[in-house]
Amino acid sequence: MRIIAALIALATPGLAFAVEPNPKATLTCEVVEQGRRTRLPAKRIRLEYPVECKLSVAGAARPEPFAARLVTTWTDYDGPKAVPKKSERLTGKVNGGAPWTATLAPDQDFVGCIDFVIEAVLTAPGADAKPAWSKKMKVKQYCPD
């Protein structure tokens, strides 16, 4: 019975793709500073320039791409009170063979001298809101002053 179900899933376009529980994906982020690139996370770095993130899925192109989203979170302070901040403005599509590139902007997606987290989320097409894959990258900034 399992073999028949597997054959039906493979024969139905899109269904075989939907059953892929854990896609092999990668998230890489680099600071683009006056032509130089520094891969994140990096030690002793202060971010005042854009951060370029690439999200890619291993394998061949699928009939329908994954929905991709980058979310940044950090804690700002209003006097002594901690205020959680979040930026969810970057969304796109990613498919095998072609990475999705998004650029995080200073003062919009992160604030200089405040540590933040970059979270990449992939959602399979036709699936519920549950992510098929996600990864978090903590960025600690160095601010000696």
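The values are calculated or read from the model by the stated rules, or taken from the named source; none is laboratory data. Since we're looking at a predicted model, the values are computed, not measured. No Cβ is skipped: glycine too gets one built from the backbone with ideal geometry, and neighbour counts run over all protein chains shown. Remember, those area values only see protein heavy atoms, side chains included, never the ligands or the DNA or RNA. Shrake-Rupley method; radii C 1.70, N 1.55, O 1.52, S 1.80 Å.
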For residues in the range 110-120 being open to solvent by less than 10 Å² (accessible area, probe 1.4 Å) and modelled with pLDDT of 95 or more, which is nearest to the chain's Cα centre (by Cα)? A120
Return the pairs, sorted by first residue and then second, in which the second residue is not in a strand (DSSP E or B), the first residue lies in the range 127-142 and is within 26 Å of E64 (Cβ to Cβ), the beta carbons are less than 8 Å apart, and the residues are 6+ apart or on different chains. A127/A18; A132/E20; A132/P21; A132/N22; A132/P23; A132/A124; W133/N22; W133/P23
Inter-residue pairs, beta-carbon under 8 Å, first free of Cβ contacts under 8 Å to residues at least 12 places away in the same chain and in the range 92-120, second surrounded by 14 or more Cβ atoms within 10 Å (Cβ to Cβ), 6+ apart: none
What is the residue count in the range 47-87 for residues that are under 19 Å from I114 (Cβ atoms) and either open to solvent by 100 Å² or more (accessible area, probe 1.4 Å) or of a type in the set (A, V, I, L, M, F, W, C) (or both)? 15
Do any residues in the range 42-64 that are of a type in the set (V, I, T) have Cβ atoms under 8 Å from those of residues that are open to solvent by 40 Å² or more (accessible area, probe 1.4 Å), where the two are at least six apart or on different chains, and which pairs are they? I45/T38; I45/Y142; V51/E30; V51/V32; V51/T103; V57/K24
Working only within the range 121-139, note down all residues that are exposed (fewer than 13 other Cβ atoms within 10 Å of the Cβ) and either charged (D, E, K, R) or touching an Asp or Glu at 6+ places or on another chain (Cβ under 8 Å) (or both). G126, D128, K130, K136, K138
Taking strands (runs of 3 or more DSSP E) that do not extend beyond the range 51-145, which have at least 3 residues that are touching a Phe, Trp or Tyr at 6+ places or on another chain (Cβ under 9 Å) and not hydrophobic (A, V, I, L, M, F, W, C)? 66-78, 81-94
